[in-house]
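The values are calculated or read from the model by the stated rules, or taken from the named source; none is laboratory data. Please read all numbers here as calculations on a predicted model, not as lab measurements. As a convention, Cβ positions derive from the backbone with ideal geometry for all residues, glycine included, and neighbour counts pool all protein chains shown.
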Amino acid sequence: MGSPVPIKRSLHIPENMNLGYVQEVLMLAMGWKGFHLKEIRFGGITYFTRMAGGEDPEPMEDFPQRDSFQYTLGDLLKLPGDTFTFIYDLGDDWKHIVKLTDIMPNREDHTDGDKKKPLL
């Protein structure tokens, strides 16, 4: 968002990956080392990542927050075209729209057509 030239990455991420790890994958795909706070925003809720040994952030009225390690990518993105916002460096607010473009069969189990893997 706000870049003069669109920046795109295509990633294959399992739908059962928790959002804490999804944030790490997105950060690494952009070439960042993780020195800044990051979060996912979806449906008016912020999914935060607690620092190692850290406590949950203080609850704030009208600002629902959830632990990103308690929810999966599949909890948010269900159909192609679904999106969420990934924010890296909360001071500078580097905002990215993450969009589900396709759902692929799970490569680990070709016999069960119900198991799907999102493509971002």
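Being modelled with pLDDT of 90 or more and farther than 18 Å from Gly31 by Cα is the filter here, so list the residues in segment 86-120 that pass it.
Lys99, Leu100, Thr101, Asp102
In segment 4-38, which residues are more than 23 Å from Asp102 (Cβ to Cβ) and either of a type in the set (Gly, Ala, Ser) or modelled with pLDDT of 90 or more (or both)?
Matches in segment 4-38: Gly20, Gly31, Gly34.
Of all residues in segment 47-84, which are under 15 Å from Tyr21 (Cα atoms), among the β-branched types (Val, Ile, Thr) and at pLDDT 90 or above?
Hit for segment 47-84 is Thr72, nothing else.
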